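Readers should treat all values here as calculations from the given coordinates under stated rules, not as data from a laboratory. Source: prediction; values computed, not measured. Heads up, the Cβs are rebuilt from the backbone with ideal geometry, glycines too, and the neighbour counts pull from every protein chain shown.
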Amino acid sequence: MCRSIKPLRNIDHPATEQEIYEAALQYVRKVSGYRKPSKANQEAFNKAIEEVAIATRNILANLRTVESQRSSCDL
């Protein structure tokens, strides 16, 4: 699908806000078919980017690794 969207989940290097924004922007561009929306669609485009970025932050914050699951079981 979107080859330019790189995986953001990395235990050693958490995704930056810029990386999350760029991935959200690329996703919205791909889904909408617009590289740059018209003025009439700009607000919807920006809102979609914001919502995708929020969802991305949420999933990255809530994904668990096998190691974190083992650690919580050891308690």
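The number of residues in the range 1-31 that are surrounded by fewer than 16 Cβ atoms within 10 Å (Cβ to Cβ) and assigned to a loop (DSSP other than H, G, I, E, B) comes to 14. Taking the range 32-44 as the range and being surrounded by 12 or more Cβ atoms within 10 Å (Cβ to Cβ) and under 28 Å from N10 (Cβ atoms) as the test, only S32 passes. Residues in the range 45-69 that are of a type in the set (S, T, Y) and surrounded by 13 or more Cβ atoms within 10 Å (Cβ to Cβ): T56 only. Here is the figure for the range 45-69: residues that are within 16 Å of L8 (Cβ to Cβ) and either among the hydroxyl-bearing types (S, T, Y) or assigned to a loop (DSSP other than H, G, I, E, B) (or both) total 4.
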